[in-house]
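Reviewing the structure listed below.
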Amino acid sequence: MMEFINSLIYNLTEVHPIHTLMVHFPIALTSAALFFILLALVRRNDTLEQIAFANIALAAVSTLAAGLTGYMDNSSIYDGEAPNSAAKMVLAGVLFVTTTLIAIARWRQPGLFHSSMRFVYVGGYFASFALVAVLGFLGGVILYGFHEAPMASTEDAPGSVVYAQPLETPTLVAAPTETPLAGVSFSLDVLPILKSRCTNCHGGDKIEEDLDLTSYAAMMAGSKNGPVIIPGDAENSLMGKALIEREMPKRGPKLSPKDAQLIIDWINEGALDN
């Protein structure tokens, strides 16, 4: 049991970005607010409207928390280049302003639900839900990508639709090729990839698993689990296995197949300090 608790704490604090936890609060609270305000309209019930008001007020606070953690994770994990980050920041700002204005207006005018501005007030709940729905979709793009829309084909029966197939992830080649292309350079090809995607966890102030990837010498020194590079044998190198099995980086998107293959080829070519 203690092992599970320790693993849970480690994953919550070290592995999973905090934004993925915080972002669920504005989604849930905004959705609940819309549900209760609609129920209040149908039932003509002031208690239900008060619950909707409480939810929208909490949604405003949680939107601010989710936005701040999203900004921090974008800077630390994606180097400020997370997919759709600019659009998400704008939409999150609009959502925060919208939910805050609704909450302040309702707080300053308790009878707003029964005033002439009733439908504007209720409309704010719909707008907030629409914004959070779009934000949720854009967040999902990081995990699932953004594929082409279905395309009609003139070769098929009338009314039928041919769906565009998502591109398959290229298979990484672990074994050395018989006729390798131009040699891969550690300093020009491999090190820039490591510094941009790996040293947040394996370098600087944070060196997980005692593995430092900031230089050739530090990397070849290995980790607490032993050597991570076996020159000429990517398939049996710890780093090669992690790349082939798409396990690294743990935070953020995995390396592109091209970048992963570069490192694998470099290992297979002898892992030279070149």
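Laboratory data are not the source of any read-out in this text; all were calculated from the coordinates shown. What you see is a predicted model; the values in this text were computed from it and never measured. Cβ placement follows ideal geometry from the backbone for every residue including glycine, while neighbour counts extend to all protein chains displayed.
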Worksheet entry | Per-residue Cβ neighbour rank within 10 angstrom, fewest leading, Thr199, Thr98, Thr63 | Thr199, Thr98, Thr63
Item to complete: Subtracting the Cα-Cα distance from 0.36 nm times the residue separation, let me have the gained length for Thr214 to Leu38 in nm, one decimal.
Response: 57.8 nm
Item to complete: Name the residues whose placed amide hydrogens come within less than 5 Å of the amide hydrogen of Ser223, ignoring near sequence neighbours (fewer than 5 apart) on the same chain.
Response: Val228
Worksheet item: R0 = 30 Å: FRET efficiency of Asn45 with Phe137, Cβ-based, nearest 0.05?
Response: 0.40
Item to complete: Please state, rounded to one decimal and in Å, the Kirkwood hydrodynamic radius that the range 1-126 gives when every pair of distinct Cα atoms enters the mean of 1/r.
Response: 16.1
Practice prompt. Using 0.36 nm per residue of separation minus the Cα-Cα distance, give me the extension gain between Asn274 and Thr20 in nm, one decimal.
Written response: 87.5 nm
Worksheet item: With the radius of gyration and the Kirkwood radius both derived from the Cα set of the range 186-268, what is their ratio Rg to Rh?
Response: 0.91
